[in-house]
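As structure tokens, the structure follows; a few thoughts come after it.
The values are calculated or read from the model by the stated rules, or taken from the named source; none is laboratory data. Only a predicted model underlies this, so the values are computations on that prediction, with no experimental measurement involved. No Cβ is skipped: glycine too gets one built from the backbone with ideal geometry, and neighbour counts run over all protein chains shown.
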Amino acid sequence: MSRLILLHVRRLGFTLVELLVVIAIIGILIALLLPAVQAAREAARRSQCTNNLKQLGLALHNYHDTFKTFPALGQGTMAWSSTQPWYDSNYMHMSGFAVLLPFMEQTPLYDRFKAASPPYPPWGPAPWAVALPVFAEQPPTLLCPSDPASTQLDVAHGHAGNINYNMCIGDEISDAIWWGNYGTRKPRGIFGRYSFINIAGIKDGTSNTLAMSEQVVGVEANKWSIHGYYTQMVPLTGGNPAGECLVYKGPGDTILPTAPMSTPAGQISWRGVNWAWGCVNNCGFNTVLPPNSIGCDNSYAEWGDRVIFPPDSYHPGGVNAMAADGSVHFISETIDTGDLTATEPNLSGVPASPYGVWGRLGSRSGGEQTAPF
């Protein structure tokens with residue numbers, strides 16, 4: 001009787017169909033997990049950014065304890081002289097962040113920065129005009145990790161370290177922050193050119209008034225983006241200056257290519273490229289248009305005397321902001337901005353802001369009742 005012998009061959013691998021199924025499952029899992037991973041990373045970056053602002057808030061108050069006032073947005077140690085080029089002076093050009101260095105564990109950098117280096121005075125020359133090596137050093141507290149451009153030095157315009165944070169000039173558009181009017185006008189916000197405000201001058205309360213927020217560093221590769229760039233030569237003098245600015249806003253986060261952005265040789269139209277440069281274009285903001293909106297000025301570089309510069313960031317939905325009491329809050333880009341067609345408030349600091357909750361957070365003595373953060 002014959003026997004039927006069955007041979008069983010052991011399969012050593014996947015079939016093509018099984019392999020495709022496994023790959024598909026892995027792809028689905030990655031697609032499901034990647035947003036969560038990215039969100040977790042952004043949460044960590046935002047937390048670090050929040051901590052930076054808290055450190056700056058502590059530095060501000062330690063400075064105030066020492067000098068009985070907050071620093072000005074722009075200041076200096078030596079005025080212009082007819083015997084030397086004007087850009088050899090730091091007259092009103094040096095930023096308030098520079099004088100905060102010893103209060104943010106950057107005393108060695110500050111000591112090098114404040115030392116006179118003939119022909120330049122202590123604190124050096126105009127920081128945008130002369131490329132001193134000390135200006136290229138990068139205080140890490142001044143960088144937000146959510147901004148990929150923050151570590152790219154602007155070698156073409158001053159070799160300076162970058163800055164992702166800025167000081168609040170209030171809810172005004174007009175020229176209290178212009179260098180030609182220093183000492184004659186006080187800004188509606190806490191900071192201005194040669195304007196030194198103490199806590200007693202914040203009539204609306206330190207918890208109701210913004211001191212600092214964020215900005216994206218502008219780089220050439222990101223030109224025509226509202227993040228880090230602004231439009232120039234926009235008059236901002238009509239009855240609706242905010243509307244004059246908004247007409248140049250393109251789809252998404254873009255600036256329309258018809259916007260006036262051509263600049264004279266050597267001038268720049270991007271923000272955050274020099275931590276030592278104390279002009280509002282570089283390290284200031286106002287509370288007119290909401291966070292992550294387009295910015296405009298009526299001239300170029302630091303020569304404009306009418307500006308709209310909202311804070312901006314790469315944090316989804318808004319920006320971090322620090323109140324004058326040192327507390328840090330997240331401000332939505334959809335925050336109430338009131339009547340953007342209203343006549344801008346005058347510089348006396350008394351009238352309430354017409355720009356809603358956002359405007360009220362910027363003014364220091366408008367007498368407004370600010371909604372909770």
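Structure values in brief
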{"quantity": "Yes/no for Ser293 being on the phi < 0 side of the Ramachandran plot and modelled with pLDDT of 95 or more", "calculated": "yes"}
{"quantity": "Exclusive hit being closer than 22 Å to Gly356 by Cβ, touching a residue at least 24 places away in the same chain (Cβ under 8 Å) and part of a loop (DSSP other than H, G, I, E, B), set Val288, Val217", "calculated": "Val288"}
{"quantity": "Tally, over the stretch 87-146, of residues that are farther than 17 Å from Phe67 by Cβ and within 20 Å of the chain's Cα centre (by Cα)", "calculated": "16"}
{"quantity": "Total residues in the stretch 296-342, condition at pLDDT below 90, surrounded by 21 or more Cβ atoms within 10 Å (Cβ to Cβ) and either aliphatic (A, V, I, L, M) or not in a loop (DSSP other than H, G, I, E, B) (or both)", "calculated": "2"}
{"quantity": "Residues satisfying the stated conditions in the stretch 184-210, i.e. surrounded by fewer than 24 Cβ atoms within 10 Å (Cβ to Cβ), touching a strand residue (DSSP E or B) at 6+ places or on another chain (Cβ under 7 Å) and either modelled with pLDDT under 90 or assigned to a strand (DSSP E or B) (or both)", "calculated": "Lys186, Tyr194"}
{"quantity": "Test: residue in the stretch 159-173 that is over 13 Å from the mean Cα position of the chain (by Cα), modelled with pLDDT of 90 or more and not in a loop (DSSP other than H, G, I, E, B)", "calculated": "yes"}
{"quantity": "Qualifying positions in the stretch 226-242 - under 10 Å from Asp297 (Cα atoms) and assigned to a loop (DSSP other than H, G, I, E, B)", "calculated": "Tyr230, Gln232, Met233, Val234, Pro235, Leu236"}
{"quantity": "Qualifying residue in the stretch 259-267 (condition: at pLDDT 85 or above and part of a loop (DSSP other than H, G, I, E, B))", "calculated": "yes"}
{"quantity": "Helices (runs of 4 or more DSSP H) enclosed by the stretch 23-136 - at least 3 residues per element that are in contact with a strand residue (DSSP E or B) (Cβ under 9 Å, 6 or more places away or on another chain), modelled with pLDDT of 90 or more and under 24 Å from Gly189 (Cβ atoms)", "calculated": "96-99"}
{"quantity": "Unmet criterion (only one of (1) within 12 Å of the chain's Cα centre (by Cα); (2) aromatic (Phe, Trp, Tyr); (3) within 17 Å of Leu100 (Cβ to Cβ)) for Phe309", "calculated": "(3)"}
{"quantity": "Residues located in the stretch 344-367, provided they are of a type outside the set (D, E, K, R) and either in a strand (DSSP E or B) or closer than 25 Å to Ile226 by Cβ (or both)", "calculated": "Pro345, Ser353, Pro354, Tyr355, Gly356, Val357, Trp358, Gly359, Leu361, Gly362, Ser363"}
{"quantity": "Any pair with Cβ under 7 angstrom, 6 or more apart, that starts in the stretch 107-134 at a residue that is touching a residue at least 12 places away in the same chain (Cβ under 8 Å) and ends at one that is surrounded by fewer than 18 Cβ atoms within 10 Å (Cβ to Cβ) and among the aromatic types (Phe, Trp, Tyr)", "calculated": "Pro125/Tyr87; Ala126/Tyr87; Ala129/Tyr87; Val130/Tyr87"}
